[in-house]
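Since every read-out is calculated from the coordinates, none of them should be taken as a lab result. These numbers come from a predicted model, not from an experiment. Positions of Cβ are generated from backbone atoms using ideal geometry, with glycine treated the same way; all protein chains shown enter the neighbour counts.
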Ligand code: NAD
Ligand code: NAI
Ligand code: ISE
């Protein structure tokens, strides 16, 4: 059976996911698209292999009988509305991160999914599907470096678009590091502080870079560097320090160049290049789960946890104080 997918939001990542769903992966077709920019939706619909319907609204797309499952790739503030509408229509929904931009909105999604009684939502935390992150987690879980005491997480973007605001360094960028910290360490975050180093003058009004400190319930500390105007490339690093050893994500691409007394590794241009394999695995597993009724990946609870921590980090950014994090009770659906 082919899973017929409708894509809401055909910007950068929407187009990239349509490409992988239609030309890379097995078992899916894109039958419908929509965007607030309807002209762009029509243009993209015309270029989809096999053709797709361009709908005027997200609700129309979700109601389309030719859509079995929904992918939400519009801007963060629009996610809640579409995820709730997909749950109301009993359709599986893959939502790009963040699940929603506030913890209250994520709670409304959890409440709707719990009332439905079965998981329908997966959030786009693709680092969990990346080969290097999976290898790093396997080392931690093996016990080979002892109990983790610290995680250093570096998240550098060469530049960001004009609509990127001060808080987005946390709500749009560091959310990946927040999610991957919970996943790698198998632990919850209980407190957060945010420090503001000297500003990068290339960032204009942005508070960039940021240094974010997470306290894990088990006592480990995580430091996150966000740096979104670093120009030289898209650089993602992670090092776990254990009691008896350390483990880091491998550096660079497939080739290391040595010439003119220099050693050079490739740095990816952007997230599409760095995580291309991770997005492919993420979507293939999602298509298979939709088709076979299998278990979905990162859940509404994971999206909610990231939102609670990012809300706390935004508060810590503004106040300069430590902010405590409390997730509250986890519904059985996500146990
Ligand atoms: P983008 O601005 O390129 O694309 C967003 C698209 O959504 C635009 O085409 C816009 O017209 C459309 N849109 C906005 N509001 C809409 C609405 N109400 N209904 C329908 N369409 C609407 O942004 P992007 O870089 O593609 O990011 C989109 C989402 O993907 C964001 O949530 C972002 O956080 C996420 N993202 C995730 C990753 C990742 O690594 N997982 C990387 C990039 C982006
Ligand atoms: P984008 O700005 O390129 O695309 C967003 C698209 O959504 C635009 O085409 C816009 O017109 C459309 N849109 C906005 N509001 C809409 C609405 N109400 N209904 C329908 N369409 C609407 O943004 P980009 O970079 O593609 O990001 C989109 C989402 O993907 C964001 O949530 C972002 O956080 C996430 N993202 C995730 C990445 C990842 O690594 N997982 C990487 C990049 C983005
Ligand atoms: C973007 O939305 C992403 O999700 C990328 O993975 C991240 O590196 C970037 O900072 C975000 O803006």
Gyration tensor (alpha-carbon) shape descriptor, segment 185-335, a/c threshold 1.5: oblate
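What whole-number value in cubic angstrom gives the convex hull volume per residue for the C-alpha atoms of segment 57-125?
Working: hull volume 5.1 nm³, N = 69.
Taking the convex hull of the Cα positions in segment 57-125, it is 74 Å³ per residue.
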Compute the separation of the alpha-carbon centres of segment 79-93 and segment 170-203 and state it in Å as a whole number. 28
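Subtracting the Cα-Cα distance from 0.36 nm times the residue separation, let me have the gained length for residue 66 to residue 327 in nm, one decimal. Walk me through the numbers before you get to the answer.
Working: separation 261, 0.36 × 261 = 93.96 nm, distance 3.77 nm.
Roughly 90.2 nm would be gained on extension.
Ranked highest first by average number of other Cβ atoms within 10 Å, how do 187-194, 6-13 line up? Please report the intermediate quantities before stating the final value.
Details: 187-194: 20.4, 6-13: 23.8.
Listed from highest to lowest mean packing, they are 6-13, 187-194.
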hull vol. (C-alpha, convex hull) per residue for segment 30-163, Å³ -> 181
For segment 1-110 the mean separation of alpha carbon contacts under 8 Å (6+ apart) over residue count, i.e. relative contact order in percent, is 26
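Let me have the relative contact order for segment 1-50, percent, based on Cα pairs under 8 Å that are six or more residues apart.
Values: 60 pairs, mean separation 21.1, N = 50.
Contact order relative to length: 42 percent.
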Hey, what angle do you get for helix 103-116 against the long axis of the chain, alpha-carbon based, 0 to 90 degrees rounded to 10? 50
Once the principal axes of the Cα atoms of segment 272-331 are found, what is the range along each, listed largest first in whole angstroms? 46, 35, 9
Listed residues 89, 29, 66; largest mean-square fluctuation, Gaussian network over the chain with Cα springs below 10 Å, found at 89
Could you check which residue among 154, 244, 23 shows the biggest mean-square fluctuation in a GNM of the chain with a 10 Å Cα cutoff? 244
The chain: most fluctuating residue of 71, 139, 33 per GNM, C-alpha cutoff 10 Å: 139
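Taking a cut-off of 16 Å, what percent of all Cα-Cα pairs in segment 240-311 are separated by more than that?
Details: 1873 of 2556 pairs.
Tail fraction, whole percent: 73.
Answer rounded, prolate or oblate for segment 6-103, using the Cα gyration tensor with square roots of eigenvalues a ≥ b ≥ c: rounded when a/c is under 1.5, else prolate when a/b is larger than b/c, else oblate. Show your work: numbers first, answer last.
Working: a/c = 1.44, a/b = 1.38, b/c = 1.04.
In terms of gyration-tensor shape, rounded.
Grab the alpha carbons of the chain, take their convex hull, and tell me the volume per residue in Å³.
Values: hull volume 51.5 nm³, N = 335.
Taking only Cα atoms, the chain has a hull volume of 154 Å³ per residue.
Based only on Cα atoms, what mean projected area does the convex hull of segment 128-259 have, in nm²? Please list the in-between numbers first.
Values: hull surface 38.1 nm².
One quarter of the hull surface, i.e. the mean projection, equals 9.5 nm².
From Cα pairs below 8 angstrom and at least 6 apart in sequence, can you work out the relative contact order of segment 15-78, rounded to a whole percent? Walk me through the numbers before you get to the answer.
Details: 65 pairs, mean separation 17.9, N = 64.
Contact order relative to length: 28 percent.
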If I fit a long axis through the Cα atoms of helix 131-142 and take the longest principal axis of the Cα atoms of the chain, what angle between them do I get, 0 to 90°, rounded to 10? 60
Report P(r) for segment 193-252: all Cα-Cα distances, bin width 5 Å, range 0 to the bin holding the largest distance, values in whole percent. 4, 15, 19, 21, 18, 13, 7, 2, 0
Arrange the peptides 275-281, 251-257 so that the one whose residues have, on average, the most other Cβ atoms within 10 Å appears first. 275-281, 251-257
Helix 79-88 versus the longest principal axis of the chain: what is the Cα-based angle in degrees, 0 to 90, to the nearest 10? 50
